[in-house]
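Report on the structure given below.
The values are calculated or read from the model by the stated rules, or taken from the named source; none is laboratory data. Because the structure is a prediction, the values reported are computed rather than measured. Cβ atoms come from the backbone with ideal geometry, glycine included; neighbour counts cover every protein chain shown.
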Amino acid sequence: MSLFSNKESVKEKKSIVIYFSRADENYAVGYVDKGNTEIVAEYIREITGADLFRVDRAVPYSSEYKKCCDEALAEKNNNERPAILKTLPNIDDYEVIYIGYPIYWGTLPMPMFTQLEKLNWQGKIVKFFSTHEGSGLGSSENDIRRICQGAKILPGMEIRGSMVKTSKAKVENWINQ
Ligand SMILES: Cc1cc2nc3c(=O)[nH]c(=O)nc-3n(C[C@H](O)[C@H](O)[C@H](O)COP(=O)(O)O)c2cc1C
């Protein structure tokens, strides 16, 4: 198989975006109806036809930014695995898994750990991305490598949350890498 057809095939493989994203009040954007990470997940769907699966905390974080920060920090410090509304039972139908999340206190929000740790990653291709306001990928790549044992993990992408509305071309370039 040529290098070209390898590259093409990543985009053509059956894929899903597993992501966390929060509407309501947030840093740098005020009150929003749709979270930054969800906007990126929808770009990926438009570009690749991927399915989307949003991880929702069973008890949502506070709609107020500061309270949400406190809740998320306590959860992280206690290394919790908070209950989630719906669990994706498996990823058997998918070859490429996009993992998307806002950086919360330097890494993925804890509800993503709840979901990702339940899946069998053997033989999967993983592409991961964060939205953030300064931390980039933080330490999330280490966490993803630890969780997604047996997967081939491709380079991650980070986007400023407040820039997602003008970042579709960046997302497309990363997908095609
Ligand atoms: C609880 C909480 C913790 C956050 N921690 C960080 C952080 O450590 N570093 C950072 O750059 N941004 C941090 N942010 C900003 C978010 O990562 C950023 O706004 C992101 O785009 C939000 O995505 P969403 O709208 O999809 O939820 C935090 C936001 C919240 C609500």
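Suppose the filter is among the charged types (D, E, K, R), more than 11 Å from the ligand (Cβ to nearest atom) and either without any contact (Cβ under 8 Å) to a residue 60 or more places away in the chain or closer than 20 Å to ILE39 by Cα (or both); does LYS76 pass it?
So LYS76 fails the test.
With (1) touching a residue at least 12 places away in the same chain (Cβ under 8 Å); (2) exposed (fewer than 15 other Cβ atoms within 10 Å of the Cβ); (3) away from the ligand (no atom under 16 Å from the Cβ); (4) on the phi < 0 side of the Ramachandran plot as the list, and SER139 as the residue in question, which single condition is left unmet?
Only one criterion in (1) touching a residue at least 12 places away in the same chain (Cβ under 8 Å); (2) exposed (fewer than 15 other Cβ atoms within 10 Å of the Cβ); (3) away from the ligand (no atom under 16 Å from the Cβ); (4) on the phi < 0 side of the Ramachandran plot is unmet by SER139, namely (3).
Considering only the range 1-102, give the strands (runs of 3 or more DSSP E) lying wholly within it that have at least 1 residues that are buried (at least 19 other Cβ atoms within 10 Å of the Cβ) and among the polar types (S, T, N, Q).
The qualifying strands (runs of 3 or more DSSP E) are 15-19, 24-26.
Quick check: anything in the range 144-161 of a type outside the set (A, V, I, L, M, F, W, C), within 12 Å of the ligand (Cβ to nearest atom) and in a helix (DSSP H, G or I)?
Within the range 144-161, one or more residues are of a type outside the set (A, V, I, L, M, F, W, C), within 12 Å of the ligand (Cβ to nearest atom) and in a helix (DSSP H, G or I).
Going by what's in this entry, would TYR94 be described as at pLDDT 95 or above and within 10 Å of the ligand (Cβ to nearest atom)?
In short, no.
Which residue is farthest from the ligand (Cβ to nearest atom), if the candidates are limited to the range 103-136 and must be in a loop (DSSP other than H, G, I, E, B) and surrounded by 22 or more Cβ atoms within 10 Å (Cβ to Cβ)?
That would be LEU108.
Could you grab me the full set of residues in the range 29-51 that are among the small types (Gly, Ala, Ser) and modelled with pLDDT under 95?
Passing the criteria: only GLY30.
Report, ordered by the first and then the second residue, all pairs with beta carbons closer than 9 Å, sequence separation of six or more or different chains, a first member in the range 153-166 that is under 14 Å from TYR43 (Cα atoms), and a second member that is more than 12 Å from the ligand (Cβ to nearest atom) and of a type in the set (Lys, Arg).
Partner pairs satisfying both residue conditions: MET157/LYS127; MET157/LYS170; ILE159/LYS170; MET163/LYS170.
Being under 20 Å from ILE144 (Cα atoms) and within 12 Å of the ligand (Cβ to nearest atom) is the requirement here; does VAL40 meet it?
Considered against the rule, which asks whether it is under 20 Å from ILE144 (Cα atoms) and within 12 Å of the ligand (Cβ to nearest atom), VAL40 comes out as yes.
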